[in-house]
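The values are calculated or read from the model by the stated rules, or taken from the named source; none is laboratory data. Owing to the predicted nature of the structure, the values given are computational and were not obtained by experimental measurement. For neighbour counting, all protein chains shown are included, and Cβ atoms are generated from backbone atoms with ideal geometry for every residue, glycine included. Protein only, heavy atoms only, side chains kept; ligands, DNA and RNA dropped before computing areas. Shrake-Rupley method; radii C 1.70, N 1.55, O 1.52, S 1.80 Å.
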Amino acid sequence: MKSFILVFIGGGLGSGLRYLISNAINQYSKVLPYGTFTVNILGCLLIGIILGYAQKENVLSSNQTLLLATGFCGGFTTFSAFANENLELIKNGEIFNFSVYTIGSILIGILVVFIGFYLTNR
């Protein structure tokens, strides 16, 4: 239960910050959603720093890692978790699984968003 609460709190904070940053930047962009792009890239950098620091220095407890990486970064952007999982597949030499996961996630994700829109707007 403690793990759930840590992820819940971190996720809420990350989601709130994502909302603020995305809206602040997107209001000035009419062509592309630069706010979302910015949040995704910042989230990837942040999860890399948190997990890299935790591994190298061994100073973050599993609870702190849950709060910061799983909770905050996961709430800030699930893209950071997606990128980290892909990095793990590459580091483990699982190039086929990396390719299937990456291409499948992007293509199927876009497809099911389309299906969802289609089902609700037909």
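Name the single residue, out of those in segment 70-106 being in a loop (DSSP other than H, G, I, E, B) and among the polar types (S, T, N, Q), that is modelled with the highest pLDDT. Applying the filter and picking the extreme gives Asn92. Taking each residue of segment 35-48 that is open to solvent by less than 30 Å² (accessible area, probe 1.4 Å) and looking for partners that are in a helix (DSSP H, G or I) and polar (S, T, N, Q) with beta-carbon atoms closer than 6 Å, six or more apart or interchain, yields Gly35/Ser22; Gly35/Asn26; Val39/Ser22; Gly43/Ser80; Ile47/Ser80; Ile47/Asn84. Within segment 64-90, residues that are touching a residue at least 12 places away in the same chain (Cβ under 8 Å) and more than 19 Å from Thr102 (Cα to Cα) reach partners that are basic (Lys, Arg) and open to solvent by 10 Å² or more (accessible area, probe 1.4 Å) with beta carbons closer than 8 Å, at six or more positions or on different chains, in the pairs Gly75/Arg18; Phe76/Arg18. Tallying residues that are small (Gly, Ala, Ser), surrounded by 11 or more Cβ atoms within 10 Å (Cβ to Cβ) and farther than 17 Å from Ile90 by Cα within segment 101-118 yields 1.
Among the residues here, Ile108 qualifies as over 27 Å from Leu17 (Cα atoms) and of a type in the set (A, V, I, L, M, F, W, C). Looking across segment 1-26, the residues that are modelled with pLDDT of 95 or more and among the polar types (S, T, N, Q) come down to Ser3, Ser15.
Against the conditions (1) open to solvent by less than 70 Å² (accessible area, probe 1.4 Å); (2) over 24 Å from Gly10 (Cα atoms), Asn92 satisfies every one except (1).
Screening segment 16-34 for residues that are of a type in the set (A, V, I, L, M, F, W, C) and part of a loop (DSSP other than H, G, I, E, B) and picking the one that is most open to solvent (accessible area, probe 1.4 Å) gives Val31.
Which residues, counting only those in segment 1-15, are of a type in the set (A, V, I, L, M, F, W, C) and open to solvent by less than 40 Å² (accessible area, probe 1.4 Å)? Explain how you work it out, then say what you get.
From segment 1-15, those of a type in the set (A, V, I, L, M, F, W, C) are 1, 4-9, 13; that's our starting set.
Matches in segment 1-15: Leu6 only.
Scanning segment 72-81 turns up no residue that is more than 13 Å from the chain's Cα centre (by Cα) and open to solvent by 50 Å² or more (accessible area, probe 1.4 Å). For segment 52-69, the set of residues classified as assigned to a helix (DSSP H, G or I), at pLDDT 90 or above and open to solvent by 40 Å² or more (accessible area, probe 1.4 Å) consists of Ser62, Asn63, Gln64, Leu66, Leu67, Leu68, listed by residue number.
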